[in-house]
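Worksheet: the structure to be examined is printed underneath.
Bear in mind these aren't lab numbers, they're just calculated from the coordinates by the rules spelled out. The shown structure was predicted, so the numbers you read here are calculated from the model rather than taken from an experiment. Backbone-built Cβ (ideal geometry, glycine too); neighbour counts: all protein chains shown.
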Amino acid sequence: MKKFLLFFFFLPFTALGQNNSPDSYLGELPIRNGRINYTGIDSVSGVSKEELYLRAKSFLSTAFPNFKDVVKLDDKDLGKITVRGIFRTDAKGGNLVKTYQEFYANTNIQVKDGKFKYEITDFIKPSSDLRVPDFNYEQMLFNKKRAEKLSPDINAVINRYIVALIHAMKSQDNF
């Protein structure tokens, strides 16, 4: 019984795969080489590179319905897919006014036989004014108050995305 309970205690920690430790944090966001960067490597024993590639592509086309518009690299031979998609935090606020954050981020997935690596980088806040260019989140979030306010919401969205990605990569199609 104790072994059974220990298994379920450690399950959430193993679900996120072998994540590399960040250099530091900006609020709750992991920073590597001065950039917001989520990365991880996980294994799926007995699954070919081709099958993992198809699983990654299927997940990304579901996560981003406009997949053809967001794909930046799609190379089956190399086992690499890169997309630049838009994410939205959960809406907060009262009945009349709800606020949320939108941001772009790159997702890079690389597959090999029995393994995959994901990396989510290049977080950009789109500007709502045509006269003002988009800016990267690292610049905006270096204001400590702003980072503490926004980082939990951004972190929650990306962590849900990563959990869904890992689940899709480890799941088999059962038609």
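Using Cα pairs under 8 angstrom and six or more residues apart, how large is the relative contact order of region 24-170, in percent?
Worked out over region 24-170, it gives 30 percent.
Over all directions, average the projected area of the Cα convex hull of region 24-170 and note it in nm².
Answer in nm², one decimal: 10.1.
What is the extension gain from ARG32 to SER58, computed as 0.36 nm multiplied by their sequence separation minus the C-alpha to C-alpha distance, in nm to one decimal?
The ARG32-SER58 span can extend by a further 6.5 nm.
With a sphere of radius 13 Å drawn around the Cβ of ASP74, what net charge do the other residues whose Cβ falls strictly inside it have (Lys, Arg +1; Asp, Glu -1)?
+3
Once you place label points 7 Å from the Cα toward the Cβ at LYS98 and LYS112, how far apart are they in nm?
It works out to 4.4 nm between the two label points.
Please give the net charge around VAL163, taking every other residue with its beta carbon less than 13 angstrom from that of VAL163, where Lys and Arg add +1 and Asp and Glu add -1.
Here the charged neighbours net out to +1.
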